[in-house]
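S.K.: Can you read through this structure? Questions will come right after.
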2 protein chains.
Amino acid sequence: MPTRARPSVASRKQPKQARSTQLVADILTAAAQVLARDGAHRFTTTRVAEKAGVSVGSLYQYFPNKEAVLFRLQHDEWTATAALLDRILSDAALAPCDRLRKAVREFFRTEWEEARMRRALGDAAPYYRDTPEATRHRQAGRRALQAFMRQAVPSLGGARRAVAADLIGMTLGAVGKSVSETAASPAQVDRYARAAADMLCAYLQRLSA
Amino acid sequence: MPTRARPSVASRKQPKQARSTQLVADILTAAAQVLARDGAHRFTTTRVAEKAGVSVGSLYQYFPNKEAVLFRLQHDEWTATAALLDRILSDAALAPCDRLRKAVREFFRTEWEEARMRRALGDAAPYYRDTPEATRHRQAGRRALQAFMRQAVPSLGGARRAVAADLIGMTLGAVGKSVSETAASPAQVDRYARAAADMLCAYLQRLSA
DNA sequence: GAAAAATACGAACAATCATTCGCCTTTTCC
DNA sequence: GGAAAAGGCGAATGATTGTTCGTATTTTTC
């Protein structure tokens with residue numbers, strides 16, 4: 001696995017014509033399929049290009065390196081997940097605890113549905129984990145959860161609230177990952193989601209008391 | 001990264017003389033150092049052998065492949081962690097909740113102290129994750145936690161108790177990992193440990209109610 | 001002390017992969 | 001319609017790595 005200079009994971013150049021836009025889309029679709037089918041271990045640019053019906057050279061015209069493809073996939077996942085959680089957690093029509101319930105359930109479900117690709121993306125994390133873009137995503141997630149916590153436990157001091165928000169975020173992400181790798185059926189996913197929600201709600205109530 | 005036939009991760013042959021026993025020990029020490037220093041990405045048998053002051057050929061006399069070295073490292077970690085948690089969680093002198101507190105604190109601390117190697121071992125998980133030995137370890141962990149839960153919430157039905165035990169296990173492991181990768185100081189580790197213990201205890205009490 | 005068993009060695013082999021670059025084709029723009 | 005820009009191609013390159021195997025050394029056995 002040769003490692004050369006790392007031009008970050010930013011895009012190399014923007015597609016300007018319709019066919020190149022399609023080409024990038026094809027590459028991303030193929031990348032997701034290769035990741036799910038062959039695993040992070042066998043995720044190679046050649047294989048992705050082949051699956052997409054495209055040449056390797058073309059791939060490198062829009063992605064500076066392999067990491068960039070993986071990061072783009074993860075980026076899209078993060079964006080979708082962030083939108084989902086943001087929508088649920090800021091829904092003032094529901095009590096904080098109910099929002100959490102709903103968030104856990106929806107999140108666990110989507111994680112489980114794409115379990116194979118998520119797992120492979122997790123395995124590939126070392127490739128993109130430490131990029132500035134990844135850090136920015138994590139920060140955005142933290143802020144969203146802290147905003148939620150301000151509504152859920154307004155009486156709690158800022159420092160302790162921040163720790164609690166981090167803990168909930170970690171639990172959501174980490175347990176979600178565990179569940180999606182462990183659970184065998186949607187029913188089982190829901191059982192774990194219910195249990196996790198019970199736990200988080202119990203924690204929330206203890207914090208407000 | 002060539003992948004050939006996989007002779008599992010079992011030992012290839014047992015050292016019979018003193019010098020070979022020492023050689024295996026040197027290899028494992030070197031492996032831990034290489035993992036911590038260079039990361040899973042650059043963990044190669046050649047590098048390990050070099051660091052150990054030993055030839056690659058010798059390494060392959062006692063380990064069937066690279067995975068086996070990694071698995072052995074993880075195996076030793078698991079064994080130590082299991083002993084630690086078992087000891088704490090079965091200490092009848094403490095209330096269940098206090099055992100959990102102590103377990104979380106101790107576990108988070110040891111995770112954090114070896115953060116670099118743990119993270120790299122986590123990155124290397126795809127190499128050994130699906131071996132029967134790994135499954136056996138996970139099963140043992142589950143059983144220990146279920147035994148604890150029988151004492152902590154005896155009134156709860158078996159099925160729900162099993163789900164709760166799994167959830168606590170996932171939370172402990174997954175959040176511990178997150179914390180060890182995130183926390184910057186022992187004080188911060190303890191803050192997270194306290195918060196996680198609060199959460200788990202609140203859950204335990206809700207379950208008994 | 002000599003044959004046998006165990007150990008140790010490390011150059012060589014066989015894959016695999018990320019990435020480039022010279023060349024050709026298609027689209028855009030005037 | 002033709003020049004220029006954008007897109008597309010894929011064999012070749014340069015590295016790295018996991019693992020083997022023939023040979024040399026050390027220890028054990030009798």
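The values are calculated or read from the model by the stated rules, or taken from the named source; none is laboratory data. Nothing here was measured: the structure is a model prediction, and the numbers come from that model. Backbone-built Cβ (ideal geometry, glycine too); neighbour counts: all protein chains shown.
S.K.: Test of understanding: among B:82, B:134, which residue is surrounded by fewer than 18 Cβ atoms within 10 Å (Cβ to Cβ), within 14 Å of chain A (Cβ to nearest Cβ) and touching a residue at least 12 places away in the same chain (Cβ under 8 Å)? Before you say what the answer is, go through the steps one by one.
M.R.: Details: B:82 fails: within 14 Å of chain A (Cβ to nearest Cβ).
Of B:82, B:134, the one residue that is surrounded by fewer than 18 Cβ atoms within 10 Å (Cβ to Cβ), within 14 Å of chain A (Cβ to nearest Cβ) and touching a residue at least 12 places away in the same chain (Cβ under 8 Å) is B:134.
S.K.: Here is a check on your reading of the model: is residue A:68 within 12 Å of DNA strand C (Cβ to nearest atom), crowded, with 19+ Cβ neighbours inside 10 Å and of a type in the set (Gly, Ala, Ser)?
M.R.: The answer is yes for residue A:68.
S.K.: Filter region B:46-67 for residues that are β-branched (Val, Ile, Thr) and within 14 Å of another protein chain (Cβ to nearest Cβ) and give the result.
M.R.: Within region B:46-67, the subset β-branched (Val, Ile, Thr) is B:46, B:48, B:54, B:56.
Once the filter is applied, which keeps residues that are β-branched (Val, Ile, Thr) and within 14 Å of another protein chain (Cβ to nearest Cβ), region B:46-67 yields only B:46.
S.K.: Also, I was wondering about something else. Would you mind telling me which numbered condition in (1) of a type in the set (Ser, Thr, Tyr); (2) buried (at least 17 other Cβ atoms within 10 Å of the Cβ); (3) closer than 25 Å to residue B:201 by Cα residue A:155 fails?
M.R.: Tallying (1) of a type in the set (Ser, Thr, Tyr); (2) buried (at least 17 other Cβ atoms within 10 Å of the Cβ); (3) closer than 25 Å to residue B:201 by Cα, residue A:155 fails exactly one: (2).
S.K.: Which members of region A:89-117 meet the condition of being crowded, with 17+ Cβ neighbours inside 10 Å and in contact with a Lys or Arg (Cβ under 7 Å, 6 or more places away or on another chain)?
M.R.: A:89, A:111, listed by residue number.
S.K.: Tell me, which helices (runs of 4 or more DSSP H) wholly within region B:93-209 include 2 or more residues that are over 25 Å from residue A:181 (Cα atoms)?
M.R.: It comes to B:96-113, B:132-152, B:186-208.
S.K.: Answer yes or no: is there a residue in region B:8-18 that is at pLDDT below 95, over 18 Å from residue B:117 (Cβ atoms), assigned to a helix (DSSP H, G or I) and out of contact with any Phe, Trp or Tyr (no Cβ under 8 Å at 6 or more places or on another chain).
M.R.: Yes, because at least one residue in region B:8-18 is at pLDDT below 95, over 18 Å from residue B:117 (Cβ atoms), assigned to a helix (DSSP H, G or I) and out of contact with any Phe, Trp or Tyr (no Cβ under 8 Å at 6 or more places or on another chain).
S.K.: Enumerate the pairs (first residue in region A:140-156 and under 23 Å from residue A:79 (Cα atoms); second residue anywhere and among the aliphatic types (A, V, I, L, M)) with beta-carbon separation below 6 Å, excluding pairs fewer than 6 apart on the same chain, so at least 6 apart or on different chains.
M.R.: Pairs found: A:145/A:165; A:146/A:165; A:148/A:89; A:149/A:165.
S.K.: Yes or no: residue B:77 of a type in the set (Asp, Glu), part of a helix (DSSP H, G or I) and within 20 Å of residue A:175 (Cβ to Cβ)? Working first, answer last.
M.R.: Details: of a type in the set (Asp, Glu): yes; part of a helix (DSSP H, G or I): yes; within 20 Å of residue A:175 (Cβ to Cβ): no.
No, not satisfied.
S.K.: Right, something else. Restricting attention to region A:167-181, does a residue exist that is over 17 Å from residue B:175 (Cα atoms), more than 9 Å from chain B (Cβ to nearest Cβ) and crowded, with 19+ Cβ neighbours inside 10 Å?
M.R.: no
S.K.: Take the conditions closer than 21 Å to residue B:126 by Cβ, more than 14 Å from chain A (Cβ to nearest Cβ) and surrounded by 14 or more Cβ atoms within 10 Å (Cβ to Cβ) and apply them to residue B:77. Does it pass?
M.R.: yes
S.K.: Just checking, does region B:26-49 include any residue being within 10 Å of DNA strand C (Cβ to nearest atom), at pLDDT 95 or above and either surrounded by fewer than 15 Cβ atoms within 10 Å (Cβ to Cβ) or outside any helix (DSSP H, G or I) (or both)? Break it down stepwise before answering.
M.R.: So in region B:26-49, the residues within 10 Å of DNA strand C (Cβ to nearest atom) come out as B:26-27, B:45-46, B:49.
From the residues that got through so far, the ones that are at pLDDT 95 or above too are B:26-27, B:45-46, B:49.
Filter again for either surrounded by fewer than 15 Cβ atoms within 10 Å (Cβ to Cβ) or outside any helix (DSSP H, G or I) (or both), leaving B:46.
Yes: one or more hits.
S.K.: Sort out which residues of region B:39-58 are within 9 Å of DNA strand D (Cβ to nearest atom) and under 24 Å from residue B:126 (Cα atoms), and write them in order of number.
M.R.: Selection gives B:41, B:42, B:43, B:44, B:45, B:46, B:47, B:48, B:49, B:56.
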